[in-house]
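> Take a look at the following structure, please.
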Amino acid sequence: MSEPPPPAGMHDSPLQAISNAMAQIYKTQFGRGPTKVKTYFAGPDAVVCILEDTQTPAEKRLVELREDQRLRDVRLFFQYATEDDLRAPVEQATGRRVRAFISGIDVRADASAEVFLLEDGATAAREAPPA
């Protein structure tokens, strides 16, 4: 008799786990998740998550009306209002504290980038409480 398959996400790589979490956060926060999401390490101390095709019909209408800045302002307001929610999956997947968070959006391309700068691994080890 074979074993049942592991729960979804159990064997995800850290980058895939971050991508999945970001997609879910976007879906919850904006009412629509991205159709394309990919996460990368950008050197030893940075994680970049690119999310595409996230805009709602109302947001697409703002773009058509050339209200780019208004849409950017609203999106970035919500991104930074839920910063802790965005940091948590990165910290969980990497085992490192996020020391800086940078969010950006190109409303014309319907693409967003979430950038996370990680605490230096050596610094984290020095500051960790003794076991």
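Coordinate-derived values only; no laboratory data. Small disclaimer: the values here were computed from a predicted structure and weren't measured. So basically every Cβ, Gly included, is an ideal-geometry build from the backbone, and we count neighbours across all protein chains shown.
> Can you pull the one-decimal nm distance between simple spin-label points at Leu117 and Asp53, each 7 Å off the Cα toward Cβ?
Between Leu117 and Asp53, the label points sit 3.3 nm apart.
> All other residues with a Cβ under 11 Å from the Cβ of Ala113 taken together, and with Lys, Arg as +1 and Asp, Glu as -1, what is their net charge? Don't skip to the answer; put the middle values down first.
Numbers: positive: Lys38; negative: Glu52, Asp106, Glu114.
The answer is -2.
> May I pose another question? Just in the stretch 30-131: which trypsin sites (Lys or Arg not before Pro) are loop by DSSP and have at most 13 other Cβ atoms within 10 Å? Before the final figure, lay out the partial values.
Numbers: sites: Arg32, Lys36, Lys38, Lys60, Arg61, Arg66, Arg70, Arg72, Arg75, Arg87, Arg96, Arg97, Arg99, Arg108, Arg126; in loops: Arg32, Arg66, Arg96, Arg97, Arg108.
Here the trypsin sites (Lys or Arg not before Pro) that fit, given the DSSP loop and packing criteria, are Arg66, Arg108.
> Which of the GluC sites (Glu not before Pro) found in the stretch 46-92 are loop residues per DSSP with 16 or fewer other Cβ atoms within 10 Å of their Cβ? Intermediate results must be reported in sequence, preceding the final value.
On the way: sites: Glu52, Glu59, Glu64, Glu67, Glu83, Glu91; in loops: Glu67.
Answer in residue order: Glu67.
> With the crude spin-label approximation of a point 7 Å out along Cα→Cβ, what separation in nm comes out for Asp73 versus Lys27?
Going by the 7 Å Cα→Cβ label model, 3.1 nm.
> Run down the aspartates and glutamates and flag those whose C-alpha is under 14 Å from the C-alpha of Lys38, throwing out any fewer than 8 positions away in its chain.
Result set, ordered by chain and number: Asp12, Glu52, Asp53, Glu114.
> If the cut-off is 20 Å between C-alpha atoms, which lysines fall inside it for Lys60, apart from same-chain ones fewer than 8 positions away?
Correct list for Lys60: Lys27, Lys36.
> Sticking with the crude label model, points 7 Å out along Cα→Cβ, report the distance from Ala109 to Gln16 in nm, one decimal please.
Label-label distance for Ala109 and Gln16, simple model: 2.6 nm.
> Could you give me D for the stretch 14-127, from Stokes-Einstein at 37 °C and 0.692 mPa s, where the hydrodynamic radius is the Kirkwood radius over C-alpha pairs? Units µm² s⁻¹, please.
Details: Rh = 14.5 Å.
In µm²/s, the coefficient is 226.
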